[in-house]
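The values are calculated or read from the model by the stated rules, or taken from the named source; none is laboratory data. Bear in mind the structure is a predicted one, so any value in this text is a computation, not a measurement. Virtual Cβ from ideal backbone geometry, glycine too; neighbours counted across all protein chains shown.
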Amino acid sequence: MPKLALAPLDFQPGSQWRYSGLAGIDTLGRIVEVASGQTLDVFLKQRIFDPLGMKDTAFFPTDDRMARVVTLYGRTPNGLKKTDAPAWLLSKTYFSGGGGLWSTAEDYLQFAQMLVNGGELNGKRLLSPRTIALMASNHVGDLYSQSGTGDPLERLIGRRRGMGFGLTVEVVMNPIEANRRQSAGSFGWDGAFGTHFWVDPKEQLTGILLIQQGLNAALNRDFENAVMQAIID
């Protein structure tokens with residue numbers, strides 16, 4: 001964190017939006033550690049994973065879970081090619097606020113359903129409905145909708161007309177402008193290795209898609225469309 005604090009800003013705060021998946025959210029993770037007096041892995045386990053029954057979620061898989069870890073692939077002109085996990089993902093000492101958790105679809109569903117329910121699951125409340133509403137509100141005006149020309153991740157996602165950005169999640173402001181099949185007010189985010197989820201408060205549902213390769217925006221949109229087309233009432 002002291003090294004990051006010495007780095008100059010890329011632009012004046014409030015003048016642009018840019019995704020800071022590691023440096024920015026890792027700083028938030030460190031703030032959690034300072035405020036709680038716990039390392040981030042312990043805090044998340046005690047405050048989120050254990051209460052929600054997320055038994056397979058951690059910063060690194062234990063030895064008895066390694067056989068269940070899927071293989072990562074990258075898409076090449078000659079088909080899929082096995083890709084090694086980056087060193088930071090395999091670390092057992094650095095707990096990143098911006099990424100690095102290993103999990104399952106079942107575990108992820110517990111977390112997402114808690115958000116659908118307004119912060120509660122199975123009689124255990126983690127957040128208040130007002131906190132969820134704040135999380136899913138657009139905090140950046142039109143800065144997010146006008147972004148998408150920065151780093152490689154942004155170029156993969158593309159421009160974001162009709163979208164806003166809340167507290168670490170993107171928010172569907174206008175489904176028509178965004179060309180999204182989700183309801184207005186839906187929110188979610190993607191992981192670097194194919195994780196995609198969203199919460200639709202209007203329909204009271206969540207969608208979770210896990211693949212083992214990099215971001216695939218077209219597949220995500222197809223998945224959302226298929227889920228929403230299944231709703232007939």
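Things worth noting here:
- R75 farther than 22 Å from E33 by Cα and assigned by TED's automatic domain parsing to the domain that holds V42: yes
To keep it simple, each residue is scored yes or no on (1) assigned to a loop (DSSP other than H, G, I, E, B); (2) in contact with a Gly (Cβ under 6 Å, 6 or more places away or on another chain); (3) within 19 Å of G100 (Cβ to Cβ).
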{"position": "P8", "(1), (2), (3)": "yes, no, no"}
{"position": "Q12", "(1), (2), (3)": "yes, no, no"}
{"position": "W17", "(1), (2), (3)": "yes, no, no"}
{"position": "T27", "(1), (2), (3)": "no, no, yes"}
{"position": "V32", "(1), (2), (3)": "no, no, yes"}
{"position": "Q38", "(1), (2), (3)": "yes, no, yes"}
{"position": "R47", "(1), (2), (3)": "no, no, yes"}
{"position": "K55", "(1), (2), (3)": "yes, no, yes"}
{"position": "P61", "(1), (2), (3)": "yes, no, yes"}
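- Qualifying positions in the stretch 46-60 - surrounded by fewer than 19 Cβ atoms within 10 Å (Cβ to Cβ) and modelled with pLDDT of 95 or more: Q46, R47, I48, D50, P51, G53, K55, D56
- Among (1) assigned to a loop (DSSP other than H, G, I, E, B); (2) small (G, A, S); (3) free of Cβ contacts under 8 Å to residues at least 24 places away in the same chain - the single one G21 does not satisfy: (3)
- Odd one out for L89, checked against (1) outside any loop (DSSP other than H, G, I, E, B); (2) modelled with pLDDT of 90 or more; (3) over 21 Å from L134 (Cβ atoms): (2)
- Long-range neighbours under 8 Å by Cβ, at least six apart or interchain, first residue assigned by TED's automatic domain parsing to the domain that holds G97 and more than 16 Å from M114 (Cα to Cα) within the stretch 43-58, second of a type in the set (A, V, I, L, M, F, W, C) and assigned to a helix (DSSP H, G or I): F43/V32; A58/F49
- Of all residues in the stretch 71-96, those being closer than 28 Å to G29 by Cβ, among the aliphatic types (A, V, I, L, M) and surrounded by 11 or more Cβ atoms within 10 Å (Cβ to Cβ) number 4.
- Test for T206: is it within 15 Å of I132 (Cβ to Cβ) and of a type in the set (V, I, T): yes
- Identity of the residue in the stretch 1-42, within 18 Å of the chain's Cα centre (by Cα) and among the aromatic types (F, W, Y), that ends up modelled with the lowest pLDDT: Y19
- Test for Y108: is it within 17 Å of G207 (Cβ to Cβ) and out of contact with any helix residue (DSSP H, G or I) (no Cβ under 7 Å at 6 or more places or on another chain): yes
- Near pairs, Cβ below 6 angstrom, 6+ apart or cross-chain, from the stretch 199-221 (within 22 Å of L72 (Cβ to Cβ) and free of Cβ contacts under 8 Å to residues at least 60 places away in the same chain) to any residue that is of a type outside the set (A, V, I, L, M) and part of a loop (DSSP other than H, G, I, E, B): I211/G194
- Selection from the stretch 1-42 of residues that are outside the structural domain of K92 (by TED's automatic domain parsing) and farther than 24 Å from S145 by Cα: M1, P2, K3, L4, A5, L6, A7, P8
- Checking the stated criteria, V140 turns out not to satisfy the condition of being aliphatic (A, V, I, L, M), touching a Ser or Thr at 6+ places or on another chain (Cβ under 8 Å) and assigned by TED's automatic domain parsing to the domain that holds F165.
- Taking helices (runs of 4 or more DSSP H) as the structural unit, those lying wholly within the stretch 95-175 and holding at least 1 residues that are of a type in the set (S, T, N, Q) and modelled with pLDDT of 90 or more correspond to 105-116, 129-135.
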